[in-house]
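Right, one structure below, let's go through it.
The values are calculated or read from the model by the stated rules, or taken from the named source; none is laboratory data. Quantities reported herein were computed from a predicted structural model and do not represent experimental measurements. Cβ placement follows ideal geometry from the backbone for every residue including glycine, while neighbour counts extend to all protein chains displayed. Areas reflect the complete protein model, heavy atoms only, side chains present, ligands, DNA and RNA absent. Shrake-Rupley method; radii C 1.70, N 1.55, O 1.52, S 1.80 Å.
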Amino acid sequence: MPELPDLVILRERLLPELLGKKIRSIEILDPIVVRNLTGMPPEDSYKDLPLLSLERRGPFLNFTFEKMNMVIHPMLSGRFSMDPKYKKKDLCVRIATEGPVLNYADDTRMGKVYFLKNEELDQIPKYKEQGVDILSGEFTLSVFLKTIEKSRQQIRAFLMDQSKLSALGNAYADEVLFAAKIHPKTPCNRLSPGEKSGVYESIRKVLTDSIEYIRAKNAPLDVKVRDHVKVRNRKNEPCPDCGTTIRRANVLGYDSFFCPVCQPAKGEQFIPWNSQENPPEVN
Ligand SMILES: [Zn+2]
């Protein structure tokens, strides 16, 4: 579930509740998601350690306790809750503090919870390899243009390459390309300078607008807010801009949703959507 805007809001909401609070207990309900790199059982070794900070790094949340870090990579389906009565089957880790309880649940068990020391963070796959944080001040137009300049990747794969941009997931990669009016399979080196700037502006605008929307919605912590998306998971619905039926394509193993009229394909290797009554599925 969580993508960048979700994680920004999660951090905003968890931090004031948990900052400075001491751990009372750590319960591992499903060890399959846990990587304990400290060599010590978190259940009893970390009692009374206070939370010193909570930072986001790309798709990771880094809870820094005194003497120990807990890094959560929620992947597609990780969810958080502070409900002390949370008893659902997907509960994986429960941390009781002297204040609230933090539950981490994941029904697909694709996410990971790492317990480790601060100096061991680079042992987490992809943690150190994150590219420029697209919500940071470092993510300027010139940095973006330099990053995309030599790429021959399809734009959707480029947007989701966390070693370049940290980090867009499936939903917001689709939303960015819809906002920029770019077909998801367009190779980066076929984009005009104006289109590249448009992609940059779209990343900034889509993320900023989504963060504001999710913040204002103030939904329960474990509820995914996605009703604002325009094309993601909206196959066969009308495009909000032109009314054309939204399509789904497979881009290097990932489903991508787009409007074939607002986001026309470049070049003859693409199926001419607009001239066919019932265009086939793109592969
Ligand atoms: Zn459209």
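Distance between the pseudo-spin-label points of K126 and R11 (7 Å out from Cα toward the beta carbon): 1.7 nm.
A simple spin-label model places the labels of L76 and D107 1.3 nm from each other, with each point 7 Å out along Cα-to-Cβ. Each Lys and Arg contributes +1 and each Asp and Glu -1, all at the Cβ; summed about the Cα centre of region 38-132, the dipole is approximately 380 debye.
Dividing the mean sequence gap of close Cα pairs (under 8 Å, 6+ apart) by how many residues the chain holds gives a relative contact order of 16 percent. Given R0 = 45 Å, the distance between the Cβ atoms of R190 and D48 translates into a calculated FRET efficiency of 0.20.
With an 8 Å cut-off on Cα pairs and a minimum separation of 6 or more residues, tell me the relative contact order of region 161-259 in percent. Intermediate values should be presented prior to the final figure.
Working: 100 pairs, mean separation 28.4, N = 99.
Worked out over region 161-259, it gives 29 percent.
For K164, the aspartates and glutamates whose Cα falls under 19 Å of its own Cα, not counting residues fewer than eight places away in the same chain, are E3, D122, E129, D133, E138, E149, D174, E175, E195, E201.
For region 145-198, which trypsin sites (Lys or Arg not before Pro) pass both filters: DSSP loop (anything but H, G, I, E, B) and at most 16 other C-beta atoms within 10 Å?
K150, R152
For region 61-134 and region 160-203, what is the centre-to-centre distance using only Cα atoms, to the nearest Å? Taking the Cα centre of each part, region 61-134 and region 160-203 sit 28 Å apart. In the chain, helical runs assigned H by DSSP with n ≥ 4 each contribute -39500 (n - 2.57); averaged across all residues and rounded to the nearest 500, the mean residue ellipticity at 222 nm is -7500 deg cm²/dmol. What is the chain by shape, rounded, prolate or oblate, if you read a ≥ b ≥ c off the alpha carbon gyration tensor as root eigenvalues and call it rounded for a/c under 1.5, prolate for a/b larger than b/c, and oblate otherwise? Taking the square roots of the gyration eigenvalues as a ≥ b ≥ c, the chain is prolate. Projecting the Cα atoms of S163, V206, V229 onto the charge dipole of region 138-258, computed from C-beta unit charges around the Cα centre, puts S163 farthest toward the positive end.
In the chain, what percent of the accessible surface is made up of carbon and sulfur (1.4 Å probe, ligands and nucleic acids excluded)? Before the final figure, lay out each step's value.
On the way: 6770 of 13490 Å².
Carbon-and-sulfur percentage of accessible area, whole number: 50.
Identify the residues of region 45-60 with backbone N under 16 Å of a label point that sits 7 angstrom from the Cα of R24 along the Cα-to-Cβ direction, or state none. Within reach of a label on R24, which here means backbone N under 16 Å from a point 7 Å along Cα→Cβ, region 45-60 contributes 46-51.
A Förster radius of 25 Å combined with the Cβ-Cβ distance from T208 to D241 puts the calculated FRET efficiency at roughly 0.80. Gain on full extension, evaluated as 0.36 nm per residue between S151 and S163 minus their Cα-Cα distance, stands at 3.1 nm. Toward the positive end of the charge dipole of region 55-208, with +1 on the Cβ of Lys and Arg and -1 on the Cβ of Asp and Glu, the farthest Cα among V71, Y114, A179 is that of A179.
Please give the length that would be gained between E55 and R215 if that part of the chain were fully extended, namely 0.36 nm times their separation in residues minus their C-alpha to C-alpha distance (nm, one decimal).
Numbers: separation 160, 0.36 × 160 = 57.60 nm, distance 1.77 nm.
55.8 nm is the gain from fully extending E55 to R215.
Within the assembled protein chains, the solvent-accessible surface assigned to K22 is about 80 Å², based on a 1.4 Å probe. Placing a label point 7 Å from the Cα of E138 along the Cα-to-Cβ direction, the residues of region 165-185 whose backbone N falls under 14 Å from that point are 165-167.
Nearest 20 debye, what's the magnitude of the dipole of the chain about its Cα centre given +1 on Lys and Arg Cβ and -1 on Asp and Glu Cβ?
Values: 43 positive and 38 negative charges, 46 e Å.
In total the dipole reaches around 220 debye.
According to the square roots a ≥ b ≥ c of the eigenvalues of the Cα gyration tensor, what is the shape class of region 138-258, taking rounded for a/c under 1.5, prolate for a/b larger than b/c otherwise, and oblate for the remainder?
Values: a/c = 1.77, a/b = 1.28, b/c = 1.38.
Because a/c hits 1.5 or more and a/b fails to exceed b/c, region 138-258 counts as oblate.
Name the shape class, rounded, prolate or oblate, that the alpha-carbon gyration tensor gives for region 80-138, where a ≥ b ≥ c are the square roots of its eigenvalues, rounded holds for a/c under 1.5, and otherwise prolate holds if a/b is larger than b/c and oblate otherwise. Because a/c hits 1.5 or more and a/b exceeds b/c, region 80-138 counts as prolate. Summed over the residues of the chain and divided among them, the accessible surface reaches 48 Å² per residue at a probe radius of 1.4 Å.
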